[in-house]
Every structure is written in structure tokens, then in C-alpha cells.
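Below is one structure, written out as C-alpha cells; comments come after it.
The values are calculated or read from the model by the stated rules, or taken from the named source; none is laboratory data. Note that the structure is a prediction, hence the values are computed from the model and not measured. Don't worry about glycine lacking a Cβ; one is built from the backbone with ideal geometry, like all the others, and counts go over all protein chains shown.
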Amino acid sequence: MAHTEKKQFAVIGMGRFGLSVAKALSGMGFDVLAIDSDELQTQAVSTIVTHAVSADSTDEEALRALGIRNFDVVVVAIGEDIQASILTTLILKDMGGPLIVVKAQNELHGKVLHKIGADKVIYPERDMGLRVAHHLTSPNILDYIELSDEYSIVELRATKAMIGQNLKELNVRAKFGCNVMAIKRGTKMNISPSSSDRLSEGDVLVIVGEKNDLTKMELAYSEG
Ligand code: ATP
């Protein structure tokens, strides 16, 4: 789809996470307004993003003066000061306008954020911890993405036992109740694999399933 106008992003809180989001969006060519109450933090980012201002996001007037309502997306990346994160989200929600994405410190913080109307709550530390843990328990697991409380997606490198088998012979659907959504081969991606597709060394399977089923499958293939 062609976009006539570029999306406008604001990122509040230039800790490691906020900075990384702001840098990445800027690198993709988007306009980014970076906000932090600490002037040193905004100075550090001023050469990277379109605008960097020092302001307290719990100050409604300050946010209004920055025209925050006109942005498409606001990312609230204040971590430690949970009160400031909640207040900021509440003010943004009351103003209406942008999609509000907020980083949560823990489950309780996340629950509150959902209750007050955050459009998306993210848990970078928890999610990265989960991904690293899955990779560590089985080196064939290249990535692990949680879709919901029940479902996840794993990227599994084809083990020795899998190589040469087709998907019908592999039969992860019957054995583990999981579905192979795609097979990556080098830079190519087969997004509608058929039962006769045979696995080669280096192939990566993208598999969706219930978490318990995926864990069983991971354990079954952990030695490959
Ligand atoms: P990370 O783990 O991503 O480094 P963190 O979760 O430890 O960050 P903090 O360091 O607590 O998060 O906060 C990130 C940034 O948010 C800090 O640079 C801080 O100055 C800024 N910040 C905190 N409160 C406010 C506020 N009310 N308005 C604007 N910025 C704020």
C-alpha cells in the first residue's frame, strides 16, 4: 500500500530502550520527536532524531505545547518511574489522537496500562529473556515469539534427523499438534510449504503452536 504521508512518531524516555526505538525509526526514515526530562539524554540523541526536546511528560501543558496530539504513534519508554509512566499514558489517552505504545516494567504495571487504555503494552526484558532462554535450552531454536498467553511461534533449524524428510514424514502436526507455517532457505522464504517439501541442511522451520506443544517438540528435537 502506498503511503502519501510519512508517519510521525514521538518517543518519551531516552533510556536504552527508548533510544533504541528512536534510533531505529529514524534509521527507517521516519520523523521522530524524542522527549526526556533529562536534558543530557535529549542532547545525546539530538543529532540522530528530527527533534529532541527536554520536557516532563507528566506535565499535560508541556505535552500539549509539543503538539503531541498530532503524532500517529507515541511510545512511552519510561521504565523505573512507574508513576510517571502511568500518568503520562493517562494524559496521552485523555488527549486522544495517537496510538499509545507503552513499555511495562512488570505484569502489574502492564495490567494498569491496559486498564487506562494503552493500545499496546510491551515487555522488552521479559520477551528477550524468554527468547534467550529458549535458544539456550536448544541451540536449534533460533527465535521464540510469544503470540498470546497460549500460543507462540518458534524458528527451528532443521536437525540432522529432519534433513531429507518431507513435511508429511516429519508430521509435527500429528506428533505435536504444531503447524509449519514457513520454511526459510538462505534468503528465500517458502510461506506456503506443502507436505511434499523436503528439508535440506540449514533450512529453518517457522512453527506455530500451543506453548506446551512447542516445548514438547523443542525437547524432542533438542539433540539434533
Ligand atoms: P532502559 O532499561 O530502557 O534503559 P529504564 O526502564 O531503566 O530504561 P528509565 O531509565 O527509568 O527507564 O527511564 C528512561 C528515561 O525516561 C530516562 O532517561 C528518564 O530521564 C526519562 N524519564 C523519566 N521520567 C520522565 C518524565 N516524567 N518525562 C520525560 N522523561 C522521563
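When residues in the stretch 4-26 are screened for being within 7 Å of the ligand (Cβ to nearest atom) and closer than 13 Å to residue 53 by Cα, 3 of them pass. Show the residue pairs that are 6+ apart or on different chains and have beta-carbon atoms under 6 Å apart, the first residue being within the stretch 20-47 and in the same structural domain as residue 71 (by the TED database) and part of a helix (DSSP H, G or I), the second being small (Gly, Ala, Ser) and modelled with pLDDT of 95 or more. Going by the 6 Å Cβ cut-off, the qualifying pairs are 22/34; 39/54; 42/52; 42/54; 45/34; 45/52.
For residue 134, the criteria (1) of a type outside the set (Gly, Ala, Ser); (2) surrounded by 19 or more Cβ atoms within 10 Å (Cβ to Cβ); (3) at pLDDT 95 or above; (4) assigned to a helix (DSSP H, G or I) hold in every case but one, which is (3). Would you say residue 149 is in a loop (DSSP other than H, G, I, E, B) and touching a helix residue (DSSP H, G or I) at 6+ places or on another chain (Cβ under 9 Å)? In short, yes. Taking the criterion of being within 9 Å of the ligand (Cβ to nearest atom) and in a strand (DSSP E or B), the only residue of the stretch 54-75 that qualifies is 54. You will find that of 113, 108, 156, 147, the residue that is crowded, with 19+ Cβ neighbours inside 10 Å and closer than 30 Å to residue 93 by Cβ is 113 and no other. The condition of being free of Cβ contacts under 8 Å to residues at least 60 places away in the same chain, on the phi > 0 side of the Ramachandran plot and either in a helix (DSSP H, G or I) or not assigned by the TED database to the domain that holds residue 93 (or both) holds for only one of 110, 117, 129, 202, that being 202. Among the residues of the stretch 27-40, those that are more than 21 Å from residue 100 (Cβ to Cβ) and within 11 Å of the ligand (Cβ to nearest atom) comprise 38, 39, 40.
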